[in-house]
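Input: a single structure, listed below in structure tokens.
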Amino acid sequence: PGLSGEANIIIARKDKVLTIPKAFLIDDGMVKTDAGVIPITIGLQNMEYVEVLSGITKDTHLYKPE
């Protein structure tokens, strides 16, 4: 009693993708930038990061939501 476990199953892997920390997501599909809150398209994700398919580039400055 009182013990727990966690496992990760890798279902896909990609190289050279744009990822952001999940903490920067607003409502699972928006981020705060210099231009305001904008929508992004997300792809694969794990417990910490999400893949960004469109909406921002590597040069976009993001702000962590409060």
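What to note about this one:
- Put simply, the amide H of LEU18, placed in the peptide plane, has neighbours under 5 Å in VAL52, leaving out anything fewer than 5 places away on its chain.
- Residue-wise HN-Hα couplings along the range 45-51, as the Karplus relation 6.51 cos²θ - 1.76 cosθ + 1.60 with θ = phi - 60° gives them from phi, are 8, 10, 5, 10, 10, 10, 7 Hz; Gly and Pro carry x.
- For the chain, the Cα gyration tensor yields ellipsoid semi-axes of 26, 16, 9 Å (square root of five times each eigenvalue, largest first, whole Å).
- Theoretical gain in end-to-end length, GLU66 to LYS22 [0.36 nm per residue, Cα-Cα removed]: 14.5 nm
- Sulfur and carbon atoms: percent of accessible area, the chain [1.4 Å]: 53
- With all protein chains kept in place, the per residue accessible area of the chain amounts to 83 square angstrom at a probe of 1.4 angstrom.
- The chain, relative contact order in percent, only Cα pairs under 8 angstrom and at least six apart counted: 33
The values are calculated or read from the model by the stated rules, or taken from the named source; none is laboratory data. Nothing here was measured: the structure is a model prediction, and the numbers come from that model. Note: areas computed on protein heavy atoms with side chains; ligands, DNA, RNA excluded. Shrake-Rupley method; radii C 1.70, N 1.55, O 1.52, S 1.80 Å.
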